[in-house]
Every structure is written in C-alpha cells, then in structure tokens.
Amino acid sequence: MIGPDHAAKGTGGRNHVPDLHWEGAPAGTRSFAVTCFDPDAPTGSGFWHWIESDIPADATGIGGDQVVGGTVTVANDYGHPGYGGPNPPAGETHRYVFTVYALDVEELGVPAGASHTAARFNIMAHTLASGSFTATFTAR
C-alpha cells in the first residue's frame, strides 16, 4: 500500500517521492531509469506518474533523503516533470507499477521538453534488465 506521504496533494497526501532501493545490476550497467505507471486510470492507456532517467550507475536507490544528481525527469501525465503521486477517484483502488531499469548508456539523450513517450522508447531501447513491484492506493 502506498501511504499518504506519497499520494497526490489532491487526496490529502504530501506527494513525496517514495524510497526505492535496488541491487544486483548486470554487468555493463551505465545508468538507471525509474518509472511509475497506473494501469487502472480511466484513460484507455493508463497514466504515467513518473519517468526519471540518467540516474548514475553507482546509485542504489532514489527518493526520500537520497539526492541523486544528474538525473533527467520528463513530464508525467499530470503535465509537469517529477513524481506525481496517486490521485484516483474517491473510493477507488488503483495499482501503481514501479519499475527500475538498468541501462547500457549513461545518458538517454532525451532533449528538454521531450514527451514521456520518447523517454520511455529510449529506455526500452537501452534496457539490460529491469525489476518491478506493484503497490496500491485507495482514495478516501
């Protein structure tokens, strides 16, 4: 379950980036990317809450107290860069799929103002390995 600290302000949350940690990246990892996707959003194509790339290869996590320099964040489906927490309609429970990607490039080369579709395309083209988990949030 996603706690209120990590939910959108519209739900009474604080919209804080959740702490994510990883280990065991494959040989050849030169950077990481992180995404958060809501497949239950009533859009016909889900909702992208977070797309962050160019996380240095020596990083073992992101979020909370962990400040990682040099990352690139593109606009989420809220229309702003950075993490946008869960904000489902009242009474609905949605799933949020967090994925960490080990990439074979230091920088994706996504220009400023690029869409998250372009960033995700480049992430997929450079993925060596990935790991995901799914959390839920219910708006009250």
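Right, residue 102: over 28 Å from residue 26 (Cβ atoms), more than 13 Å from the chain's Cα centre (by Cα) and of a type in the set (A, V, I, L, M) or not?
Against the criterion (over 28 Å from residue 26 (Cβ atoms), more than 13 Å from the chain's Cα centre (by Cα) and of a type in the set (A, V, I, L, M)), residue 102 does not qualify.
Taking the options 57, 135, name whichever one is closer than 13 Å to residue 36 by Cα and small (Gly, Ala, Ser). Break it down stepwise before answering.
Working: 57 fails: closer than 13 Å to residue 36 by Cα.
Unique residue meeting the criteria: 135.
Give all pairs with beta carbons closer than 6 Å in which a residue from region 37-57 that is under 13 Å from residue 94 (Cβ atoms) and modelled with pLDDT of 95 or more meets a residue that is of a type in the set (A, V, I, L, M, F, W, C) and in a loop (DSSP other than H, G, I, E, B); count only pairs at least 6 apart in sequence or on separate chains.
Filtered contacts from region 37-57: 47/41.
Inspect all residues belonging to region 64-72 and state whether any of them is among the hydrophobic types (A, V, I, L, M, F, W, C), within 20 Å of residue 130 (Cβ to Cβ) and surrounded by 21 or more Cβ atoms within 10 Å (Cβ to Cβ). Walk me through it before giving the result.
The first filter runs over region 64-72 and keeps only residues among the hydrophobic types (A, V, I, L, M, F, W, C), leaving 67-68, 72.
Pick out the ones that are also within 20 Å of residue 130 (Cβ to Cβ) and you get 68, 72.
Now narrow it down to the ones that are surrounded by 21 or more Cβ atoms within 10 Å (Cβ to Cβ): none.
Within region 64-72, not a single residue is among the hydrophobic types (A, V, I, L, M, F, W, C), within 20 Å of residue 130 (Cβ to Cβ) and surrounded by 21 or more Cβ atoms within 10 Å (Cβ to Cβ).
Would region 105-121 turn up any residue that is in a strand (DSSP E or B) and either aromatic (Phe, Trp, Tyr) or surrounded by 13 or more Cβ atoms within 10 Å (Cβ to Cβ) (or both)? Before you say what the answer is, go through the steps one by one.
First pass over region 105-121, keeping only residues in a strand (DSSP E or B): none.
The answer is no; no qualifying residue exists.
So the check is Cβ under 6 Å with 6+ separation or different chains; which pairs have a first residue in region 117-140 that's within 16 Å of residue 28 (Cβ to Cβ) and a second one that's among the acidic types (Asp, Glu) and modelled with pLDDT of 95 or more?
Close Cβ pairs (under 6 Å, with a partner that is among the acidic types (Asp, Glu) and modelled with pLDDT of 95 or more) amount to 126/104; 128/104.
Looking at region 58-73, which of its residues are at pLDDT below 70 and among the charged types (D, E, K, R)?
Matches in region 58-73: 65 only.
May I ask you to list pairs of residues, at least six apart or on different chains, whose Cβ atoms are under 6 Å apart, with the first in region 64-84 being closer than 19 Å to residue 16 by Cβ and the second being exposed (fewer than 13 other Cβ atoms within 10 Å of the Cβ) and at pLDDT below 70?
Nothing qualifies.
The values are calculated or read from the model by the stated rules, or taken from the named source; none is laboratory data. All values reported here derive from a predicted model rather than from experimental measurement. Note: ideal-geometry Cβ built from the backbone for every residue, glycine included; neighbour counts use all protein chains shown.
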